[in-house]
Amino acid sequence: MATSKTTDEHFEDLLRELTPQVLGAVVRWSGDFAAAEDAVQEALLAAATTWPRDGRPDNPKAWLIQTASRRFIDEVRQQQARRRREERAALREVPLGEVEEYDDTLRLLFLCCHPELTPASAIALTLRAVGGLTTAEIATAYLVPEATMAQRISRAKSKLKGASFELSADPDRLRNVLHVLYLMFNEGYTSTSGPELHRSDLSSEAIRLTRAVRAQLPEDGQVTGLLALMLLTDARRAARTGPRGELIPLAEQDRSLWNHDYITEGVALAVEAFDTPPLGEYQLQAAIAALHDEVDRAEETDWPQILALYGLLENLSGNPMVKLNRAIAAAMVDGPDAGLKLLEPLDAELAGHHRLDATRGHLYEMRGDRETAAEHFRAAARATTSLPERDYLMGKAASLS
């Protein structure tokens, strides 16, 4: 049974929503990413202390921006070594009346994907500053120690001092932006760790930001394709978990629970994107998602068409996860042995990844080899850090033992 959110949860949701907007405004105003983030964190702490006692201000965003700007100025004035920046920062603090017309989240996103940064640093910084992930969560997603990720983010912030705070349609910058949004959405749709399968706040923010990018670049097929992919994927969210939070795979989902408004919009965008050259990864993924979402029953899925699209996508990207998904499609078209054969080269590329063992488990189950299937499901359960995925995989293994 659904439960309403507590006051504390509403407070946390509000701060999560406002944080990238406030940080974007203070970075735009000050030109110093690292110092601005410190000031915003102090403002958030002040809000957590004073709002429960004195009541939430009429304009929470303006309050946070003004408080952060004051903290920034105080810090500048206290540090003699920062005299030059004081001249700029002390010109004026941000007045309350100026913040409503701005939402600097999108500019903050493009700043985080600045060409001076490596793609890995840009993605990590954006997930931290715009997506709201903790350093530990980002480190888990990238399979590196938390200290390594913290250093990467810190170096990225240092490189952005004085960087341009403008939107840019530069192809490399846009490619990074779209990749970051894609990763942000995926972390929200299937969390890499923890007790919950979804982080809907994160996936919803990724959709919101992608809509904002498309508003700036409506004729870009990759942007349109990414938005279509997100909508068509997120449409299934309500059916992906049962009443106890357990994972329900695509073939077993109650499709009446899918968001059909998202599907209608996503299919239309997928068609538009597919007809917009040059054809890229997001357009192809959106076309595959549309083929899944357009049918009323899993048995009606056009697997031969999906297999053909995965072939194009593999040639385009060479991504090992695409190869894995192509193996699944091949098994649905030509039988489990065909899929298992395609998985063999992935032992090196996806060594230790739980999805490789999980896929082998499903294909051996299709083949009728219950014992081998159970072994792979157990191996996948040991490798995943997502509790709902682990429970599902252990359940599969138990049912086959």
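The values are calculated or read from the model by the stated rules, or taken from the named source; none is laboratory data. Fair warning: this is a prediction, and the values are worked out from it, not measured in the lab. Methodologically, a virtual Cβ is constructed for each residue, glycine included, from the backbone with ideal geometry; neighbour enumeration extends over all protein chains shown. Please note that ligands, DNA and RNA were not included when accessible areas were found on the heavy atoms of the full protein model with its side chains. Shrake-Rupley method; radii C 1.70, N 1.55, O 1.52, S 1.80 Å.
Data table
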read-out: Shape category assigned to the range 266-401 from the gyration tensor of Cα positions, a/c cut at 1.5; value: prolate
read-out: Residues of type lysines that residue 341 reaches as a straight line, Cα spacing below 17 Å, ignoring anything fewer than 8 places off in the same chain; value: 323
read-out: Size of charge dipole - the chain - debye, nearest 20, with Cβ of Lys, Arg +1 and Asp, Glu -1, no other charges; value: 1380 debye
read-out: Largest to smallest accessible area among 58, 357, 391, 296 [probe 1.4 Å]; value: 58, 296, 391, 357
read-out: Solvent-accessible surface ranking, highest first, for 183, 202 at 1.4 angstrom; value: 183, 202
read-out: Sulfur and carbon atoms: percent of accessible area, the chain [1.4 Å]; value: 49 percent
read-out: Inter-label distance, nm, simple model (7 Å from Cα along the C-beta direction), residue 398/residue 257; value: 2.0 nm
read-out: Helical mean residue ellipticity (222 nm; -39500 (n - 2.57) per DSSP H run of 4+; nearest 500) of the chain; value: -22000 deg cm²/dmol
read-out: Extension gain (nm, one decimal) between residue 54 and residue 151, 0.36 nm per residue minus Cα-Cα; value: 31.2 nm
read-out: Residue 241 long-range amide H proximity, modeled H, under 5 Å; value: 248
read-out: Virtual spin-label span in nm between residue 16 and residue 351, 7 Å along Cα→Cβ; value: 3.7 nm
read-out: Option label - Rg and Dmax of the Cα atoms in Å computed here, alternatives (i) 22.1, 63; (ii) 23.1, 74; (iii) 20.8, 73; value: (ii)
read-out: Distance (nanometres) between label positions extended 7 Å along Cα→Cβ at residue 371 and residue 201; value: 4.9 nm
